[in-house]
Amino acid sequence: MGKRHPLILLTAAFGYAILYVPIFIMMIYSFNASRLVTVWGGWSTRWYGELFQNGQIGDAAWVSLVVAFGAAVVGTVFGTLIGYALARIGRFRGRLLLSGMATAPIVMPEVVTGLSLLLLFISMENLIGWPAGRGLTTVIIAHGTFCMAYVAVIIQGRLSDFDTSIEEAAMDLGARQPWIFFQVTLPVIMPAIIAGWLLSFTLSFDDLVIASFVNGPGSSTLPMVIFSKVRLGLTPEINALATIMVAVVAVGVIGANLLARRQVKTQKRLQKS
C-alpha cells in the first residue's frame with residue numbers, strides 16, 4: 001500500500017475534527033457541576049441523576065421509541081412492496097406516477113409534508129370520524145409515510161442487481177408465487193430490509209418538524225421536548241441525555257462491527273477447510 005499524501009491525512013483529520021470535537025466537548029460538559037452550561041464548575045454526575053428523575057423526558061423517550069418502532073414497521077412493509085413493484089414489474093400504467101410519489105417525501109420539505117398530513121387527518125376525521133384527533137396513531141402514520149420512501153429506494157436498489165436465476169431455478173423445480181418470494185427472494189433481500197428498518201427507526205426517532213404538526217396530547221416525542229427546553233435555555237440535563245444517546249449508538253456500532261468481523265473470519269475459516 002502506497003504512502004498517503006499528507007494533505008489527504010490533514011483533510012481527513014480536519015473533517016473528523018469538525019464532526020466529533022463538538023460531540024466530545026458536549027460529553028465533557030455533561031459532567032459539569034455548574035448549572036450554567038457555558039461555565040465550568042468542576043466534575044460531577046449530578047445531571048445524570050436529575051435526568052433519570054425527570055419524568056417528562058422519560059415519558060417522551062418512551063413515546064419516541066414506540067413511534068419509531070411502529071413507523072419503521074409500517075415504512076418497511078409498504079416500502080418493500082413499492083420497491084419490489086418498481087424493480088420487478090415491467091412498464092405499467094401509472095409507473096412514473098408511482099415512482100414519483102414514492103420518492104417525493106425524500107425531496108419534499110418536511111414542513112410541506114407535515115402540513116399536508118395534518119390537513120389529511122382533519123379531513124378524514126370530518127368525513128369518517130377517524131382518526132379521532134391527533135395523537136400517537138397519527139404520528140406513527142405520518143412517520144411511516146415518509147420512511148417508506150427511503151425503504152423503497154433501498155429495496156429497489158437491492159433488487160436491481162438481484163440474480164433472478166435463483167428464482168428461475170425454483171420455478172423449474174415446481175415452485176410458484178408467493179412461495180418463491182417468501183422462501184427465495186425475501187431471505188436474499190433481508191439485509192436490505194433490515195437496513196431500511198434501521199434507517200426508518202432512526203429517521204422517525206430524530207424527526208421534529210412532522211411530529212410537531214400531527215402530534216396531540218400525550219404524544220410529544222423526545223426531540224419535541226428537547227426543542228422546547230432549548231428554547232427556554234439549555235440545561236446540563238440535555239448534555240447528559242445526548243451523551244447517553246451517543247454512548248448507546250457507539251456501543252451498537254462497535255458491536256455490529258465486531259459481529260461482522262467475526263462472521264468474515266468464520267467464512268474464511270470455512271473456505272479454508
Checked against (1) farther than 30 Å from residue 226 by Cα; (2) assigned to a helix (DSSP H, G or I); (3) not small (Gly, Ala, Ser), residue 66 satisfies every condition except (1)
State whether one or more residues within region 82-92 are surrounded by 18 or more Cβ atoms within 10 Å (Cβ to Cβ), of a type outside the set (A, V, I, L, M, F, W, C), within 30 Å of residue 178 (Cα to Cα) and in contact (Cβ under 8 Å) with a residue 60 or more places away in the chain. yes
Could you please let me know if residue 43 is closer than 17 Å to residue 203 by Cα and surrounded by fewer than 15 Cβ atoms within 10 Å (Cβ to Cβ)? no
Residues within region 197-245 that are part of a loop (DSSP other than H, G, I, E, B) and in contact with a Phe, Trp or Tyr (Cβ under 9 Å, 6 or more places away or on another chain), tallied: 4
Do the conditions hold for residue 174, that is, is it exposed (fewer than 11 other Cβ atoms within 10 Å of the Cβ), out of contact with any strand residue (DSSP E or B) (no Cβ under 6 Å at 6 or more places or on another chain) and farther than 28 Å from residue 218 by Cα? yes
Name every residue in region 200-238 that is more than 23 Å from residue 131 (Cβ to Cβ), aliphatic (A, V, I, L, M) and crowded, with 18+ Cβ neighbours inside 10 Å, in order of residue number. 226, 238
I'm checking my understanding of the structure. Among residues of region 95-144 that are within 19 Å of residue 220 (Cβ to Cβ) and surrounded by fewer than 15 Cβ atoms within 10 Å (Cβ to Cβ), which one is modelled with the highest pLDDT? 111
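If you scan region 19-50, which residues turn out to be more than 17 Å from residue 230 (Cβ to Cβ) and charged (D, E, K, R)?
Once the filter is applied, which keeps residues that are more than 17 Å from residue 230 (Cβ to Cβ) and charged (D, E, K, R), region 19-50 yields only 46.
The values are calculated or read from the model by the stated rules, or taken from the named source; none is laboratory data. Since the structure is predicted, the reported quantities are computational estimates derived from the model, not experimental observations. Quick reminder, even Gly has a Cβ in these numbers, built from the backbone with ideal geometry, and neighbours come from all protein chains shown.
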